[in-house]
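The structure under discussion appears below in the form of C-alpha cells.
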C-alpha cells in the first residue's frame, strides 16, 4: 500500500509539472518581459474597470433622459429647471442651452421692426447653442473610450515586444550554452508567447467594448439631436407667436 501511494504521488507530481503555470512563467521570465506582462495586466484591469463604468454611465444617462424628457414635455420648457437633478441630465443641459439663448434673444418680445431678420438671427443662434450642447455631451460620454481604443490598438504590439525580447533571450542562451535543444530554448519561447497572450487578453475586450460603446454613444448623440430639434421648433414657434 505504501509503494502504491508513493507511485501515485510521483505520477501526480509528474502530471502537475507538465501543466502550464502562468505564475511560474512570469516569475521565471526576464525582467523586461516581466515589466511588459505586468503593464499589460494593469492595463487589462483598468480596461474592465472602464467597461463597467462606461456601461453604468450610459445606462444611467438613458434612464435620466427618459424621465427628464417625459417631465419636460408634460410641464413645458419654462419649467425645465424645476427639477433638482436637471443639471445632472444631458437632455436638461441641452434644453437649458437653447432656452438661455432664446431668452437672450428676447423670447416672444421681439419688436415688429425688422422682425423677420431678428427671428432668423435668433433661430441661428439657438440652433448653434443646441448643436454645441449636443456635441459637448457626446464628447463627454465618448471621452473614456479613448483609453479603450488605445489599449485595443497598442496592447498587441506591446505583447509582441515581449515576444521578440523572449525569443532574443532564447537565441542568446543558445549561443551561451552552445546547445540548441528544446530544454534551452523552451523557457524563453514560452515566456515570449505568454507575453503575446497577455497582450491579446488586454486588447480583445478593449476592442469589443470600444466598438459597442461607440455605437451606443452615437445612438445617444442622435437622440440628443432629435430632442434639440424639437426644442428648437418649440422655441421658434414661441418667438413667432403674435
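Computed from the coordinates by the stated procedures, all read-outs in this text should not be read as laboratory data. Remember, it's a predicted structure, so these values are computed and weren't measured experimentally. Quick reminder, even Gly has a Cβ in these numbers, built from the backbone with ideal geometry, and neighbours come from all protein chains shown.
Work out how much length residue 24 to residue 225 would gain on full extension: take 0.36 nm times their residue separation and subtract the Cα-Cα distance, in nm to one decimal.
Taking residue 24 through residue 225 to full extension adds about 67.0 nm, to one decimal.
What is the calculated FRET efficiency for residue 41 to residue 140, with r their C-beta to C-beta distance and R₀ = 22 Å, to the nearest 0.05? Write out the running numbers ahead of the final one.
Values: r = 29 Å, r/R0 = 1.32.
With R0 = 22 Å, the Cβ-Cβ based efficiency is 0.15.
Once both labels are modelled 7 Å past Cα along the beta-carbon direction, what's the residue 201-residue 161 spacing in nm?
1.9 nm
Run the simple label-point estimate for residue 73 and residue 174 please: 7 Å along Cα→C-beta, distance reported in nm.
Calculated label separation equals 7.0 nm.
Please give the contour-minus-distance gain from residue 49 to residue 154: 0.36 nm per residue of separation, less the Cα-Cα distance, rounded to one decimal in nm. Walk me through the numbers on the way to the answer.
Values: separation 105, 0.36 × 105 = 37.80 nm, distance 1.81 nm.
The span from residue 49 to residue 154 would gain 36.0 nm if fully extended.
Treat the count of other C-beta atoms within 10 Å as a stand-in for reagent exposure and order 236, 163 from fewest to most. Let's see the in-between values first.
Details: 236 17, 163 22.
With the fewest neighbours first, 236, 163 line up as 236, 163.
Can you tell me the length gained on complete extension of the stretch residue 193 to residue 31, counting 0.36 nm per residue apart and subtracting the Cα distance? Kindly include the intermediate steps, with their values, before the conclusion.
Numbers: separation 162, 0.36 × 162 = 58.32 nm, distance 1.53 nm.
Once the chain is fully extended between residue 193 and residue 31, it gains 56.8 nm.
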